[in-house]
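In what follows, a single structure is set out as structure tokens and then discussed.
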Amino acid sequence: MDIVNENIVSYIHSLEKDDIFLGKLEKYAKEENVPIIRKETASFLKTFLKVLKPKNILELGSAIGYSAILMGFNTDEDTKIYTIENYEKRIPVAKENIKKAGFENKIFLLEGDAMEKMQGLESTFNNPADIDKKFDFVFIDAAKGSYKEYFLEAEKMLGKNGVIICDNVLQNGDVAVSRFAVERRDRTIHSRMREFLYEIKNNESYETSIVPIGDGLSISVRLA
């Protein structure tokens, strides 16, 4: 089910300006059943990035490179984007799309398990004395049952006032209902997502909002 009225979503979509390059990626994703961020999420990210002006971005879950490229178009020329993808079949497609977008020196695709790759990045981004090399924005759109672990690992490299946004946190509205109301196969993810959302909302090191944009976003701003 949609977490926002379908007519409202359709109306919002009708107001969006078409981007030829990203439009082609959206078409490919739809035809090949590749999950990418929803249009309203993409619109929010574009505005958010203009306000935050991040210099170092980490993304978990590249898919075909859609959201990384969108971020590339909406950040400063010297911004660096590190994006991690584990699904082998999508990696060549993402690489080609990044190349076509002209972002080979801006977007860096890391192949493999997200936790392992983040741990490998720590030596570059975890020096407290070198604040300019901290990530100031992390976008998590990977395995939903592992959001808690991803968040904890990412925050090791997050600077003060850095932001972590997680996508799909409302799970088509399923998180708002009893675990017994969802399919048995989805109950583990349901429980883990509810636990994750409770923990970040009650983490005093962050100011967190959960907003019904797309399939739900959690937006956590680091305070300390």
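All of the numbers you see were taken from the coordinates with simple rules; none came from a lab. The shown structure was predicted, so the numbers you read here are calculated from the model rather than taken from an experiment. Neighbour counts run over all protein chains shown; Cβ positions are idealised from the backbone, glycine included.
Calculate how large, on average over all directions, the projected area of the Cα convex hull of the range 1-71 is; give the answer in nm² to one decimal.
Values: hull surface 22.8 nm².
Seen from a random direction, the Cα hull of the range 1-71 projects 5.7 nm² on average.
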Task: Fraction of antiparallel bridges per DSSP, the chain only, in percent to nearest 5 - done: 35
Task: Sorted largest first, extent of the range 1-131 alpha carbons per principal axis (Å) - done: 49, 34, 31
- [ ] Holding the Cα-Cα limit at 28 Å, pick out from 156/201; 39/100; 17/144 the pairs that are longer than that.
- [x] 17/144
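Which GluC sites (Glu not before Pro) in the range 35-141 pass both tests, a DSSP loop state and at most 11 other beta-carbon atoms within 10 Å? Could the numbers behind the result be given before it?
Values: sites: 40, 59, 77, 85, 88, 96, 104, 111, 116, 122; in loops: 77, 88, 104.
Taking the range 35-141 and a limit of 11 other Cβ atoms within 10 Å, the loop GluC sites (Glu not before Pro) found are 77, 88.
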Task: Rg in Å to one decimal, and Dmax rounded to a whole Å, for the chain via C-alpha atoms - done: 17.0, 50
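Counting each DSSP H run of 4 or more residues in the chain as -39500 (n - 2.57), what helix-only mean residue ellipticity at 222 nm follows after dividing by all residues, to the nearest 500 deg cm²/dmol? Could the numbers behind the result be given before it?
Details: 8 runs with 89 residues, N = 224.
About -12000 deg cm²/dmol.
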